[in-house]
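The values are calculated or read from the model by the stated rules, or taken from the named source; none is laboratory data. These numbers come from a predicted model, not from an experiment. Because the Cβ atoms are built from the backbone with ideal geometry, glycine has one as well, and the counts that use them run over all protein chains shown. Ligands, DNA and RNA are excluded from the accessible area calculation, which covers all protein heavy atoms including side chains. Shrake-Rupley method; radii C 1.70, N 1.55, O 1.52, S 1.80 Å.
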Amino acid sequence: MATLTTQVVPLTGLAIAFVNAAGGGDQCATGDGVTLLVRNDDSTSTTVTLATPEQIDGDLAVADRAVTVAANTTSAIPMTSRYLDRATGLASITYSKTTSLQVACIRR
């Protein structure tokens, strides 16, 4: 898994630097104001899965979040602390395919 660098967006704006989505998945920061941008330049949709390591009552797993990103679109996914893996301090992200898929992690 590759770790995405969190780009801080200043009041003056920022040219977002996208990187290719890693075949084995990526990791990124979570928390208030953190957003994962997913740019799908392929002709078919892709599914982005955010691991949810949280448990309720100590043994009931919370389902992972699956987000469909349509063909030729860019989607913004809030990276709430719900996706925080306490062991790594990051969120784990996987993709149904990575063809023509780029990602960026930003924080305002």
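Values computed for the structure shown
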item: Sequence of L84, L60 when ordered by accessible area, the most exposed leading, probe 1.4 angstrom; result: L60, L84
item: Equivalent-ellipsoid semi-axes of region 45-108, from the Cα gyration tensor, Å, largest first; result: 24, 14, 10
item: DSSP beta bridge pairing in the chain, given as percent antiparallel to the nearest 5; result: 85 percent
item: Neighbourhood net charge (15 Å Cβ-Cβ; Lys/Arg +1, Asp/Glu -1) for G33; result: +2
item: Principal axes of region 1-50: Cα extent on each, largest first, Å; result: 34, 22, 16
item: Percentage relative contact order, the chain, counting C-alpha pairs under 8 Å, at least six apart; result: 44 percent
item: Residues of region 1-66: accessible area per residue with a 1.4 Å probe, Å²; result: 57 Å²
item: Dimensionless Rg/Rh of region 1-91 - Kirkwood Rh, Rg from C-alpha atoms; result: 0.98
item: Sites R86 and R108 - FRET efficiency at Förster radius 30 Å, r taken between beta-carbons, to 0.05; result: 0.80
item: Charge tally in the Cβ shell below 15 Å around A70, where Lys, Arg are +1 and Asp, Glu are -1, A70 excluded; result: 0
item: By accessible area with a 1.4 Å probe, ligands and nucleic acids excluded, highest first: order of S43, S92; result: S43, S92
item: Cα centre as origin, Lys/Arg/Asp/Glu Cβ charges: the chain dipole, Debye; result: 320 debye
